[in-house]
Amino acid sequence: MAEEKKKAAPAGGAKGPGAAKKKVGLGKGRHKSAIKRARQSETRYARNISIISAMKTQMRRVRKAVEAKNKKDAETALKTALPSIARASNKGVVHHRTAARYASRLTKAVQAI
């Protein structure tokens, strides 16, 4: 084989001037406070995603029971969904008016069966 030379890419895939600058991490700053803030944001993001996911799952169960026109299952699912929505609102993951709207629409849908 002939000697082939590959172009060495800069570290981290960065190109252009300033590519040699060392980064602390993705989306993190240089100061201690900025690094701590980024770490806190990641933790909160993971927690918020978990809370939102649980809330949406409960809401999905209510809608599924409503579509199947199963009032008993819909009421049971609604009883578990409403506290989940309230929990998300109290923790500040979802705005209180958004939470009220979700609860209202789900309740209205169950009542309509």
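Just so it is clear, none of the values below were taken in a lab; they were calculated from the coordinates. Fair warning: this is a prediction, and the values are worked out from it, not measured in the lab. Cβ coordinates were reconstructed from backbone atoms using ideal geometry, including for glycine residues, and neighbour counts include every protein chain displayed.
Quick notes on this one:
- Search result, residues across the stretch 26-36 that are surrounded by fewer than 13 Cβ atoms within 10 Å (Cβ to Cβ) and of a type in the set (D, E, K, R): Arg30, Lys32, Lys36
- Within the stretch 40-72, the set of residues being surrounded by 12 or more Cβ atoms within 10 Å (Cβ to Cβ), over 18 Å from Pro83 (Cα atoms) and polar (S, T, N, Q) comprises Ser41, Asn70.
- Applying the condition of being in contact (Cβ under 8 Å) with a residue 24 or more places away in the chain and within 28 Å of Arg47 (Cα to Cα) to the stretch 100-113 and asking which residue is surrounded by the fewest Cβ atoms within 10 Å (Cβ to Cβ) yields Thr107.
- Of all residues in the stretch 83-99 being aliphatic (A, V, I, L, M) and either out of contact with any Ser or Thr (no Cβ under 8 Å at 6 or more places or on another chain) or farther than 14 Å from Met59 by Cα (or both), the one that is surrounded by the fewest Cβ atoms within 10 Å (Cβ to Cβ): Ala86
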